[in-house]
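Report on the structure given below.
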């Protein structure tokens, strides 16, 4: 059977349970929900291999197998399949608060609701954060205080989204523009 290994959750040993009939020689596995816990995580073609794609902070990643410090699975928001370093993942329980996307080209999480306070983390466009409270022009998240103007419940108009990338060099394997929020279960 021919299939695109970057889009079908199957490797040399396991297959996602819902595809068990198509791959009878592989062990069917129920996905273990996890989420990306760093700003950007590479989705690799093998444990420690080359980057095929990327996933962003807060996005769900369903794990089917763990091997050599990596987890094999897929990111439901983009349907990308591959290996992610286990250190880039957090447990599947969703964070507390309201899910929001970083809609600015890039944002920062600050130590306090003040632009002059130290930056805690750089956040890429499309990262998923969970807002717990608001103070002035800032939203409080587990990562720090993020400018409210950089957040939205959804990506919005595709043309407006594309315009923020005008002139940006292409990065092989980056997350697709307009990917949706798929919260961890």
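Report those strands (runs of 3 or more DSSP E) wholly inside region 7-67 carrying at least 3 residues which are in contact with a strand residue (DSSP E or B) (Cβ under 8 Å, 6 or more places away or on another chain) and surrounded by fewer than 16 Cβ atoms within 10 Å (Cβ to Cβ). Break it down stepwise before answering.
On the way: elements: 14-16, 27-29, 32-36, 40-44, 51-56, 60-67.
Qualifying strands (runs of 3 or more DSSP E): none found.
Pick out the one residue from 92, 97, 126 that is at pLDDT below 95, surrounded by 15 or more Cβ atoms within 10 Å (Cβ to Cβ), over 20 Å from residue 7 (Cα atoms) and more than 16 Å from the chain's Cα centre (by Cα).
Details: 92 fails: more than 16 Å from the chain's Cα centre (by Cα); 126 fails: more than 16 Å from the chain's Cα centre (by Cα).
From the options 92, 97, 126, the qualifying one is 97.
Suppose we filter region 69-84 for residues that are more than 15 Å from residue 32 (Cβ to Cβ), modelled with pLDDT of 95 or more and surrounded by fewer than 24 Cβ atoms within 10 Å (Cβ to Cβ); how many remain?
1
Without any contact (Cβ under 8 Å) to a residue 40 or more places away in the chain and within 17 Å of the chain's Cα centre (by Cα): does that describe residue 133?
no
Checking the conditions here, which among 71, 104, 77 is in a loop (DSSP other than H, G, I, E, B) and touching a helix residue (DSSP H, G or I) at 6+ places or on another chain (Cβ under 9 Å)? Spell out how you get there, then give the answer.
Numbers: 71 fails: in a loop (DSSP other than H, G, I, E, B); 77 fails: touching a helix residue (DSSP H, G or I) at 6+ places or on another chain (Cβ under 9 Å).
Just one listed residue meets the conditions, 104.
When you go through (1) touching a residue at least 24 places away in the same chain (Cβ under 8 Å); (2) within 30 Å of residue 106 (Cα to Cα) one by one for residue 16, which number turns out not to apply?
Here residue 16 clears every test but (2).
Touching a strand residue (DSSP E or B) at 6+ places or on another chain (Cβ under 7 Å), part of a loop (DSSP other than H, G, I, E, B) and at pLDDT below 95: does that describe residue 179? Steps first, please.
Numbers: touching a strand residue (DSSP E or B) at 6+ places or on another chain (Cβ under 7 Å): no; part of a loop (DSSP other than H, G, I, E, B): yes; at pLDDT below 95: yes.
For residue 179, the condition - touching a strand residue (DSSP E or B) at 6+ places or on another chain (Cβ under 7 Å), part of a loop (DSSP other than H, G, I, E, B) and at pLDDT below 95 - is not met.
List the residue pairs whose Cβ atoms are under 6 Å apart, where the first residue sits in region 145-157 and is more than 9 Å from residue 107 (Cβ to Cβ), the second is assigned to a helix (DSSP H, G or I), and the two are 6 or more positions apart or on different chains.
Correct list of pairs: 155/161.
So which residues in region 163-176 are at pLDDT 55 or above and over 11 Å from residue 125 (Cβ atoms), if there are any at all? Show your work before the answer.
Of region 163-176, the ones at pLDDT 55 or above are 163-175.
Within region 163-176, 163, 166, 167, 169, 170, 171, 172, 173 qualify.
List the number of the failed condition for residue 105; all other conditions in (1) closer than 25 Å to residue 12 by Cα; (2) in contact (Cβ under 8 Å) with a residue 60 or more places away in the chain; (3) out of contact with any strand residue (DSSP E or B) (no Cβ under 6 Å at 6 or more places or on another chain); (4) surrounded by fewer than 19 Cβ atoms within 10 Å (Cβ to Cβ) hold.
All conditions pass for residue 105, except number (1).
The values are calculated or read from the model by the stated rules, or taken from the named source; none is laboratory data. Keep in mind the model is a prediction, meaning the values are calculated, not measured. Glycine gets a Cβ as well: all are built from the backbone with ideal geometry, and neighbour counts include every protein chain shown.
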